[in-house]
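Heads up, the thing below is written out as structure tokens.
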Amino acid sequence: RLIHDSPSERFKVLGLTFTNKAAGEMRERVNQLVADASVRTLLTTFHSFCADLLRQHGHHLGLRPDFTILGQAADRQAVLDEAIADQGATHEYAGERLLPTIARLLDLNVTAEQAEKILSQNYISNAKQLAGIYKRYREKLVEGNRLDFGALISETILLLESKPAIRKQIQRIYPYICV
């Protein structure tokens with residue numbers, strides 16, 4: 001309806017979903033309903049949208065456009081093991097056991113500064129050390145020009161919060177966001 005009722009407008013509608021299959025189905029349905037809808041819509045996944053945004057503007061966070069997305073647990077664990085070693089905690093922690101906690105912090109968009117408080121509130125022993133590992137993990141991802149799926153979203157949120165001009169540009173292009 002937004003596209004159909006505004007043929008002379010220049011705005012685009014952003015439609016976000018979690019799976020590639022759902023994004024494809026959205027594109028197919030919208031294209032059947034409205035001629036040339038693909039020109040005025042971007043129907044994609046959260047992760048794809050975030051990756052595109054970070055490829056364009058990630059340099060503000062220290063990322064190059066050719067960053068790698070770590071999809072395998074072993075790759076994320078290797079980065080986490082390095083972060084654990086950097087924090088001098090190799091005897092206390094193993095990346096394999098700690099990876100779910102780190103992933104959960106990223107999924108909840110917990111900043112490095114908030115991590116200790118959040119971990120303490122959840123009765124995690126050594127919250128300060130774990131927060132340091134989490135912070136170092138995020139730093140190592142960016143330093144290595146790589147992100148995992150949780151970091152794709154967290155870093156995009158950080159970008160949009162820290163760079164109001166980019167946020168305003170996105171809001172101008174996509175005044176309507178459908179999830």
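The values are calculated or read from the model by the stated rules, or taken from the named source; none is laboratory data. All of these numbers come straight from a predicted model, not from anything done at the bench. Every residue, glycine as well, gets a Cβ built from its backbone with ideal geometry; the counts of neighbours run over all protein chains shown. Ligands, DNA and RNA are excluded from the accessible area calculation, which covers all protein heavy atoms including side chains. Shrake-Rupley method; radii C 1.70, N 1.55, O 1.52, S 1.80 Å.
The residues of the range 159-179 that are open to solvent by 50 Å² or more (accessible area, probe 1.4 Å) and over 16 Å from the mean Cα position of the chain (by Cα), listed by number, are Pro164, Ala165, Lys168, Gln169, Gln171, Arg172, Ile173, Pro175, Tyr176, Ile177, Cys178.
For the criterion of being under 13 Å from the mean Cα position of the chain (by Cα), modelled with pLDDT under 95, surrounded by 14 or more Cβ atoms within 10 Å (Cβ to Cβ) and under 28 Å from Ala78 (Cα atoms), Thr156 fails.
Of note, Ala78 satisfies the criterion of being part of a helix (DSSP H, G or I) and closer than 14 Å to Arg138 by Cα.
Residues that are buried (at least 19 other Cβ atoms within 10 Å of the Cβ) and aromatic (Phe, Trp, Tyr) are absent from the range 123-133. If you go through the range 7-37 and keep only what is modelled with pLDDT under 85 and within 15 Å of Cys178 (Cβ to Cβ), you end up with Phe11, Val34, Ala37.
Take the conditions among the aliphatic types (A, V, I, L, M) and either under 30 Å from Val30 (Cβ atoms) or open to solvent by 50 Å² or more (accessible area, probe 1.4 Å) (or both) and apply them to Leu98. Does it pass? Spelling it out, it is not the case that Leu98 is among the aliphatic types (A, V, I, L, M) and either under 30 Å from Val30 (Cβ atoms) or open to solvent by 50 Å² or more (accessible area, probe 1.4 Å) (or both). In this structure, is Thr111 under 28 Å from Ala51 (Cβ atoms), β-branched (Val, Ile, Thr), surrounded by fewer than 17 Cβ atoms within 10 Å (Cβ to Cβ) and in contact (Cβ under 8 Å) with a residue 40 or more places away in the chain? Yes. Residue pairs whose Cβ atoms lie under 6 Å apart, sitting 6 or more positions apart in sequence or on different chains, and linking a residue in the range 143-172 that is at positive phi to a partner that is open to solvent by less than 60 Å² (accessible area, probe 1.4 Å) and not in a helix (DSSP H, G or I), are Asn145/Phe67.
Residues are listed down the side, and each one gets a yes or a no for (1) open to solvent by 40 Å² or more (accessible area, probe 1.4 Å); (2) free of Cβ contacts under 8 Å to residues at least 40 places away in the same chain; (3) more than 23 Å from Asn145 (Cα to Cα):
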residue: Gly24; (1), (2), (3): no, yes, yes
residue: Val39; (1), (2), (3): yes, yes, yes
residue: Leu43; (1), (2), (3): no, yes, yes
residue: His47; (1), (2), (3): yes, no, no
residue: Leu53; (1), (2), (3): no, no, no
residue: His59; (1), (2), (3): yes, yes, no
residue: Gly62; (1), (2), (3): yes, no, no
residue: Ile69; (1), (2), (3): yes, no, no
residue: Tyr93; (1), (2), (3): yes, no, yes
